[in-house]
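Contents: one structure, followed by commentary.
Values quoted throughout were computed directly from the atomic coordinates according to the rules given, and no laboratory measurement underlies them. Because the structure is a prediction, the values reported are computed rather than measured. Cβ: placed from backbone, ideal geometry, glycine included. Neighbour counts: every protein chain shown.
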Amino acid sequence: MIRKKGFMPMLVLSLVLFFAAYATLIPFEEAEQVNLLGYRALSSFAPVSTLILAGCAIAVQIVRKRFFTN
């Protein structure tokens, strides 16, 4: 498999997005609002923000696989 220029930055971006998606579910007591799951987390929009970030990470992976490998 030949990797084109930009393969690694796309991989790093997708990993950052996956970790950000995971981080939105982490409990956080100082949060001002309760999220849709019923507890205080880093993101008060969880699980919606989790799904959006995970979807973006998957889209980056698809683009990376399609356009940055042979």
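Computed quantities for the displayed model
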{"quantity": "Paired Rg and Dmax values of the chain, which use every Cα atom, in angstrom", "calculated": "15.4, 48"}
{"quantity": "Tilt relative to the chain, helix 7-23 - C-alpha long axis, 0 to 90 degrees, to 10", "calculated": "10 degrees"}
{"quantity": "Residue 51 versus residue 4: modelled label distance in nm, points set 7 Å from Cα along the beta carbon direction", "calculated": "3.2 nm"}
{"quantity": "Förster radius 22 Å - calculated FRET efficiency between residue 16 and residue 37 (Cβ-Cβ, nearest 0.05)", "calculated": "0.45"}
{"quantity": "Length added when fully stretched, residue 69-residue 29, from 0.36 nm per residue minus Cα-Cα", "calculated": "10.0 nm"}
